[in-house]
Amino acid sequence: MFGRYLKRLARIWSGLSLAWQFVIAGGIGLLAVMLVVGLWVTSQIRDGVLHNSAATTALYVDSVIAPLLPDMRKSQELDDTVKRALDETLGQGALGKRLVSFKLWRRDGTVLYSKDAGLIGRQIKPNANLIAAFAGNVMVKYNRLEDEEDDKERSMGVPLLEIYNPVREPWSGEVVAVTEFYELSGDFEESLHSALLWTWLVVAGATAAALALLSGIVFRGSRTIVTQQAALEAKVSELQAALAQNSSLRQRVQRASRRAAAINERYLRRIGADLHDGPAQLVALAALRMDSPLLVDPTTSSTLREAEIAGIHKTLGEAMREIRGICNGLVLPQIETQAIADILRLAVAEHERRTDTKVLLTLPERLPELGTSEKISIYRFVQEGLNNAFRHGKGKGQQVRATTKGGKLLVEVVDTGPGFDPARSEGLGLAGLRERIESIGGQFETLTGPGGTRLVITLSVEEQP
């Protein structure tokens, strides 16, 4: 049961902020310090007030009583004249009103005089205060009447100040007797309580002010820490997002590198196949015709020989045209210094010249400036898209559109041909375009159906004024 409560308190404590933990722990610590300091200060004040009051009263009583006493070194008891003088002095005037009891002690504990006549002549064992008074000290007790001779004073039921005052011989200063008297302490008690109350109020106020000041500093620091912690958490979140993005990009780059290697190999095979199936076959045909009997037989007429040579020349010319076509598809024009609009016009013009078809080009008033990689990617995208539109869509409804929206550049190649299945028919060209566009942070999208095909690339750009 106790352990469960401790665990619950530990959970509550751990759920508090550092500032509130400091306020609670600091408050408890300062309260303990306040109690210790307050008790010590009030004790010192109480003792100081008691001794000051006792010393003042003792000096006053001594100035009144001392002239009435005989030589206490020689007198072992008081005569009746001295007793009557003491009775008269202690029974009237201001001194009689303040003192409710009075005793005169001899060193051996004998009561030489008392307002209670029954105590005169009795010998009582000296207590610690009486012994200290014979040693020359003024001793005081407040409302502690525990001695056996204090029965009468206890029965009064009022707060009393019990004072032991040494009586000294005038010429030697030696203590020859001790007077013990009890003073009414009603005013003293009120003053003492007032002093102790103000002391506690000052100590409590100082403690509360210190706690409030420290708590203010801690709360301010806690708010600063919370703000910095929130900023740090935001930075950490951004860093984690950046790390995740970097990891994703790294994986994309690795996949793109693997796919690029495969696509490059396919490109090489495609170029090899194009060369083998086209120019190589024509060159081989021309080589075979070079060994034709029409050329080596001396009986062949000049007309047949010239016709054979013309055929060989035509075959080689076709091979050269196919080689130039393949080269033109591989070599880029000088587009590094050209604007995007000029590059789009160039790609459209090249396609129209090569295929003898028409392409509708739609451009906005202004396009952003891009880097060389983006320009090359856009040129290849339009080139490949128009080639596919011509090859698969029969060149119907060919269009090229460029738009800017929300800091992004969109380039579209559209045709109204029969469309194709992108899951099965995305060939080497489109696959290479997708890898090229995604490698520079863009997006490639293929939309196709019976009503035509629409290829779209999206690139993030910064608008230039």
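The values are calculated or read from the model by the stated rules, or taken from the named source; none is laboratory data. The structure presented is a predicted model; accordingly, all values stated were derived computationally and were not measured. Glycine gets a Cβ as well: all are built from the backbone with ideal geometry, and neighbour counts include every protein chain shown. Accessible surface areas use protein heavy atoms only, side chains included; no ligands, DNA or RNA. Shrake-Rupley method; radii C 1.70, N 1.55, O 1.52, S 1.80 Å.
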Practice problem: Might you tell me the accessible area per residue for the range 1-62, computed with a 1.4 Å probe and given in Å²? | Solution: 71
Quiz item: Can you give the accessible area of Val226, probe radius 1.4 Å, in Å² rounded to 10?
Solution: 80
Quiz item: Between Gln44 and Glu238, what is the label-to-label distance in nm when each label sits 7 Å out along the Cα-to-Cβ direction?
Solution: 5.7
Self-check item: Debye intensity ratio in log₁₀ form over the Cα atoms of the range 166-236, taken at each q of 0.15, 0.25, 0.29 Å⁻¹
Solution: -0.79, -1.02, -1.12
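At 1.4 Å probe size, with the rest of the protein present, what percent of the exposed accessible area of the range 328-396 is carbon and sulfur atoms? Before the final figure, lay out each step's value.
Numbers: 1870 of 3810 Å².
Reported share for carbon and sulfur atoms: 49 percent.
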Quiz prompt | Cβ-based net charge around Ala135, under 13 Å, with every Lys or Arg adding one and every Asp or Glu removing one | solution = +1
Quiz item: Once the principal axes of the Cα atoms of the range 318-404 are found, what is the range along each, listed largest first in whole angstroms?
Solution: 42, 28, 16
Practice problem: Pop out the ³J(HN,Hα) list for the range 222-227 in order, Karplus 6.51 cos²θ - 1.76 cosθ + 1.60 with θ = phi - 60°, rounded to Hz; leave Gly and Pro as x. | Solution: 5, 4, 4, 5, 5, 4
